[in-house]
Amino acid sequence: MFGTQERPSEGSRVALLVPGSEAYVDLVIALLADGVFPVPLDPALTRAERDRILAPIEPDLVVTTQEQVDALLAARPGRSRSLPRGRPIHCTSGTTGTPKGVWSGLLPASDAAGLVAEERDLWGFCADDANLVLSPLHHSAPLRFAMGTLLAGGRIVVPGKFDPEVVTRAITEERPTTMFCVPTHLQRLFAHWEAVGVPDLSSFRLVAHAGAPCPVSVKQRLVELFPAGSTWEFYGSTEGQFTACRSEEWQARPGTVGRARPGRTLTTDDDGRIWCAVPRHARFTYLGAPEQTAAAWRDTAAGPAFTVGDVGRIDDDGYVHLDGRRTDLIISGGVNVYPLEVETALREVRGVDDVAVYGVPDPQWGQRVCAAVVGDVAVETITGHARRVLAPAKRPKEYALVPALPMTATGKVRRDALPGVVAEAGR
Ligand code: ATP
């Protein structure tokens, strides 16, 4: 253990439990440049969650205040904005349980330098860029965008905890050129703009969304509002990035999340699970979880391949279409039901703002399909639509109108929390 007045030694691990800022990204870059492993974590974690996550990481230092960030930066001579050589450890969102520490899920390069260089080349980050940071920086995608921008000589704008009004002001005042967001951000911004008007968005050259399925109506509005050619979707996870997709490709093949990025080979197995083959050196492990690591990897003709449990299909031209996650699968009367497919169908109903589908134990069917709906809509309208577009086994047997869906900090629905939210709404 060392103090924040000293420079952490090469190979040590520094856990970061502070809100994102430009200094935060500078510190990550500085630590990586020194061969130190930064471990960005959610500052809102409870003590118990933090202890559980930190146990296998065994950090040498835990940074919990902005003063410590400043002291660590001050302990270095000058600002480092050269490409880092270490590896960050990132934690997954915990959508399927507890967040998992991912040791070096860096594809196709084996270090952060390669990862950041790949992002810079793909998105064309340059000195003229101003990256608007909407997601928490302890997640890998927003941090990669921010690091890539700073390392290219650009600047980042960090408005803090997501608030549509504050973000709209930042767009007007700071004239950002890029932003990474999750679909929930777009939904909330568009709802706000309905009320106050759409700000001038002409400064944007790149708006990329990922992290969760994007409803068609949101995607269409995105393409309408932002400058032509600026809107992208990509599909990735903390473990690695899989695809990138221009809006024109999506419009030609609605629902696709794009084709494999260079250096990856994507395949599906008999269960529809998506596997990503990577060069041998790009293997990652889940910290302190050898069984999860073993289950994530297998050998294929194209090299070692891993899965994060997503299920989908890859068409003849290599475009990936996601059906959901293996762990979300509901088996009702022996029929496999993917919540994403049902949700996509139910979102077509006028008045449905959002919907999440989940399974509950059922003595007769094994599991019963249920839906939590946000919106101003009659349940009969939804059931009528479900009867028209979904096979009987996929139709929810119970609907609950709820004020909001439970979300992770990264804008993903927490399916495990849905029964509780539904019970609460029914009280
Ligand atoms: P945990 O593994 O701890 O449950 P998590 O998988 O949610 O957490 P992340 O790595 O942050 O953690 O999220 C990656 C997942 O997000 C992907 O595996 C996929 O299910 C989903 N996802 C990412 N991009 C897209 C996209 N464009 N469309 C639909 N889903 C996406």
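The values are calculated or read from the model by the stated rules, or taken from the named source; none is laboratory data. Remember, it's a predicted structure, so these values are computed and weren't measured experimentally. Heads up, the Cβs are rebuilt from the backbone with ideal geometry, glycines too, and the neighbour counts pull from every protein chain shown.
For the range 211-258, the set of residues classified as at pLDDT 95 or above and at positive phi consists of G229, G258, listed by residue number.
Counting only residues that are surrounded by 13 or more Cβ atoms within 10 Å (Cβ to Cβ) and not in a helix (DSSP H, G or I), how many does the range 48-67 have? Selection size over the range 48-67: 6. Scanning the range 256-273 for any residue that is among the small types (G, A, S), assigned to a strand (DSSP E or B) and surrounded by 15 or more Cβ atoms within 10 Å (Cβ to Cβ) turns up at least one such residue.
For beta carbons closer than 9 Å, sequence separation of 6+ or different chains, a first residue in the range 6-33 that is touching a residue at least 24 places away in the same chain (Cβ under 8 Å) and closer than 23 Å to R52 by Cβ and a second that is among the acidic types (D, E) and surrounded by fewer than 17 Cβ atoms within 10 Å (Cβ to Cβ), the qualifying pairs are S12/D60; R13/E58; R13/D60; V14/D60; A15/D60. Considered as a group, the residues in the range 198-257 that are charged (D, E, K, R) and closer than 23 Å to R144 by Cβ include one that is farthest from the ligand (Cβ to nearest atom), and that residue is R205.
Counting only residues that are within 16 Å of the ligand (Cβ to nearest atom), touching a Phe, Trp or Tyr at 6+ places or on another chain (Cβ under 7 Å) and over 13 Å from V357 (Cα atoms), the range 376-427 holds 0 of them. With respect to the conditions (1) over 19 Å from A141 (Cβ atoms); (2) away from the ligand (no atom under 15 Å from the Cβ), G263 falls short on a single one, namely (1).
Go through the range 10-37 and give me each residue that's of a type outside the set (A, V, I, L, M, F, W, C), touching a Leu at 6+ places or on another chain (Cβ under 9 Å), assigned to a loop (DSSP other than H, G, I, E, B) and under 17 Å from L287 (Cβ atoms). Correct list: S12 only. Close Cβ contacts (under 7 Å, 6 or more residues apart or on different chains) running from residues in the range 235-250 that are touching a residue at least 40 places away in the same chain (Cβ under 8 Å) and within 26 Å of L137 (Cβ to Cβ) to residues that are among the charged types (D, E, K, R) and more than 9 Å from the ligand (Cβ to nearest atom) comprise Q241/R261; F242/R261; F242/R264; T243/R259; T243/R261; A244/R261.
Residues checked against (1) more than 21 Å from the chain's Cα centre (by Cα); (2) loosely packed, with under 15 Cβ neighbours inside 10 Å; (3) part of a helix (DSSP H, G or I):
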| position | (1), (2), (3) |
| --- | --- |
| R169 | yes, yes, yes |
| E173 | yes, yes, yes |
| Q187 | no, no, yes |
| H192 | yes, no, yes |
| A195 | yes, yes, yes |
| D200 | yes, yes, no |
| P213 | no, no, no |
| A228 | yes, yes, no |
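Could you check, for the range 377-391, whether at least one of its residues is farther than 15 Å from L346 by Cα, crowded, with 20+ Cβ neighbours inside 10 Å and aliphatic (A, V, I, L, M)? No, the range 377-391 contains no residue that is farther than 15 Å from L346 by Cα, crowded, with 20+ Cβ neighbours inside 10 Å and aliphatic (A, V, I, L, M). Consider the range 297-328 and keep the residues that are out of contact with any Ser or Thr (no Cβ under 6 Å at 6 or more places or on another chain) and in a helix (DSSP H, G or I). The one that is surrounded by the fewest Cβ atoms within 10 Å (Cβ to Cβ) is R326. Residue check: V216 meets all listed conditions (1) free of Cβ contacts under 8 Å to residues at least 60 places away in the same chain; (2) more than 22 Å from D128 (Cβ to Cβ); (3) out of contact with any strand residue (DSSP E or B) (no Cβ under 9 Å at 6 or more places or on another chain); (4) not charged (D, E, K, R) but one, namely (1).
Given the residues V360, V355, which is the only one that is more than 16 Å from the ligand (Cβ to nearest atom) and not in a helix (DSSP H, G or I)?
Numbers: V355 fails: more than 16 Å from the ligand (Cβ to nearest atom).
Result of the check over V360, V355: V360.
Of the listed requirements (1) in contact (Cβ under 8 Å) with a residue 24 or more places away in the chain; (2) outside any loop (DSSP other than H, G, I, E, B), N336 misses just one: (1).
Condition check ((1) touching a Gly at 6+ places or on another chain (Cβ under 6 Å); (2) at pLDDT below 80; (3) buried (at least 18 other Cβ atoms within 10 Å of the Cβ)) across all residues:
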residue	(1), (2), (3)
A74	no, no, no
G101	no, yes, yes
G105	yes, yes, yes
A127	yes, no, no
